[in-house]
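Below is one structure, written out as structure tokens, with a few remarks after it.
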Amino acid sequence: DAMVIQNPRYQVTQFGKPVTLSCSQTLNHNVMYWYQQKSSQAPKLLFHYYDKDFNNEADTPDNFQSRRPNTSFCFLDIRSPGLGDAAMYLCATSRGTGPTEAFFGQGTRLTVV
Amino acid sequence: AQSVTQLGSHVSVSEGALVLLRCNYSSSVPPYLFWYVQYPNQGLQLLLKYTTGATLVKGINGFEAEFKKSETSFHLTKPSAHMSDAAEYFCALIQGAQKLVFGQGTRLTINP
């Protein structure tokens with residue numbers, strides 16, 4: 001059973017047109033992460049939520065925003081996608097206490113045209 | 001700052017041969033270490049983890065890794081490669097408040 005679900009799996013958006021990617025979890029985990037992964041690279045952390053506390057990475061562009069309306073859902077908003085934002089976006093969760101692993105969704109591959 | 005280095009961006013082995021993927025870490029505190037596998041157009045799946053206790057850790061799909069503090073290493077091995085093992089492998093550690101820090105990744109190719 002899928003525990004971290006990302007929708008859609010593939011998203012095509014126009015240059016400059018706002019786009020939202022969604023993530024839901026059935027694990028009731030405290031922490032939710034958004035990673036950006038470009039081709040042949042390691043995932044790069046954009047931000048994470050610990051419960052409702054938002055933690056932005058210092059080098060995450062302002063173009064990227066996130067919302068977490070409740071424990072189960074988290075959204076990634078890209079306000080004005082550029083060609084350089086084309087990537088795989090990975091959502092992950094973890095319990096947030098102790099040295100626990102992160103559980104990843106299947107990812108959303110974003111194409112910007 | 002804590003970091004992870006994976007030696008070799010590409011590793012190629014024959015089917016049935018030993019798989020060895022190398023990972024070294026840098027950490028000022030005892031690290032919690034992970035190996036993840038990623039198949040094309042998929043998310044990351046946990047193979048195994050080391051937190052405390054036994055330094056030889058067994059994971060899924062026949063993989064195991066050994067934590068060696070003296071060598072600051074956490075290499076991943078599998079005695080006999082299978083075609084289905086072809087994937088990208090990431091070593092990672094936890095930094096600070098639950099932030100995963102990844103190595104650069106190693107692409108494993110299995111030759112028939």
(message) Taking R0 as 41 Å, what FRET efficiency do you get between residue A:72 and residue B:14 from their Cβ-Cβ distance, rounded to the nearest 0.05?
(response) 0.35
(message) Contact order normalised by length for the range B:61-107, with contacts defined as Cα pairs under 8 Å and 6 or more residues apart; what percent is it?
(response) 25
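Enter the buried accessible area of the A/B pair, total of both sides, probe 1.4 Å, in Å² rounded to the nearest 100. Could you put the intermediate results ahead of the total?
Numbers: alone 6330 and 6120 Å², together 10670 Å².
Approximately 1800 Å² gets buried when A meets B.
What's the average, rounded to a whole number, of partner chain beta-carbon atoms within 10 Å of each residue's beta-carbon in B:32-41? Each step should come with its number before you reach the end.
Numbers: counts 4, 1, 4, 0, 4, 0, 7, 0, 0, 6.
Mean partner shielding for this stretch: 3.
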(request) Compare the Cα positions of A:94, A:33, A:11 along the charge dipole of chain A (+1 at Cβ of Lys, Arg; -1 at Cβ of Asp, Glu; about the Cα centre) and return the one farthest towards the positive end. (result) A:11
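Using r as the Cβ-Cβ distance of residue A:53 and residue B:77, and R0 as 30 Å, what FRET efficiency do you calculate, to the nearest 0.05?
0.15
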(message) So the label point goes 7 Å from the Cα of residue A:63 along Cα→C-beta, right? Which residues of the range A:93-108 then have their backbone N under 19 Å from it?
(response) A:108
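For the range A:60-113, would you read off the P(r) tail past 17 Å as a percentage of all alpha carbon pairs?
Values: 700 of 1431 pairs.
Percentage above 17 Å: 49.
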(request) With +1 on each Lys and Arg Cβ and -1 on each Asp and Glu Cβ, and nothing else charged, work out how big the dipole of chain A is about its Cα centre, in Debye to the nearest 20. (result) 260
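Please state the charge dipole magnitude for the protein assembly as shown, taken about the Cα centre, from unit charges on C-beta atoms (+1 on K and R, -1 on D and E), reported in debye and rounded to the nearest 20.
Details: 18 positive and 15 negative charges, 26 e Å.
The calculated dipole for the protein assembly as shown is roughly 120 debye.
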(request) Taking 30 Å² as the minimum loss, tell me which residues in the range A:90-104 lose that much accessible area going from the chain by itself to the full protein complex (1.4 Å probe). (result) A:99, A:101, A:102, A:104
(request) Largest first and to the nearest Å, give the Cα extent of the protein assembly as shown along each principal axis. (result) 49, 39, 34
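Can you give the accessible area per residue of chain B, in Å², using a 1.4 Å probe?
Numbers: 5220 Å² over 112 residues.
Roughly 47 Å² per residue, with all protein chains present.
Rounded to the nearest 0.05, what FRET efficiency do residue A:10 and residue B:84 have when you use their Cβ-Cβ distance and R0 = 30 Å? Don't skip to the end; give the middle numbers.
On the way: r = 24 Å, r/R0 = 0.80.
Result of the calculation: an efficiency of 0.80.
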(request) Based solely on C-alpha atoms, express the radius of gyration and the Dmax of chain B in angstrom. (result) 13.4, 43
(request) Place +1 on the Cβ of every Lys and Arg and -1 on the Cβ of every Asp and Glu in the protein assembly as shown, take the dipole about the Cα centre, and give the residue among B:4, A:104, B:59 whose Cα lies farthest towards its positive end. (result) A:104
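The values are calculated or read from the model by the stated rules, or taken from the named source; none is laboratory data. This is a predicted model, so every value here is computed, not measured. Don't worry about glycine lacking a Cβ; one is built from the backbone with ideal geometry, like all the others, and counts go over all protein chains shown. Accessible surface is based on the protein model in full, side chains and every heavy atom, while ligands, DNA and RNA are left aside. Shrake-Rupley method; radii C 1.70, N 1.55, O 1.52, S 1.80 Å.
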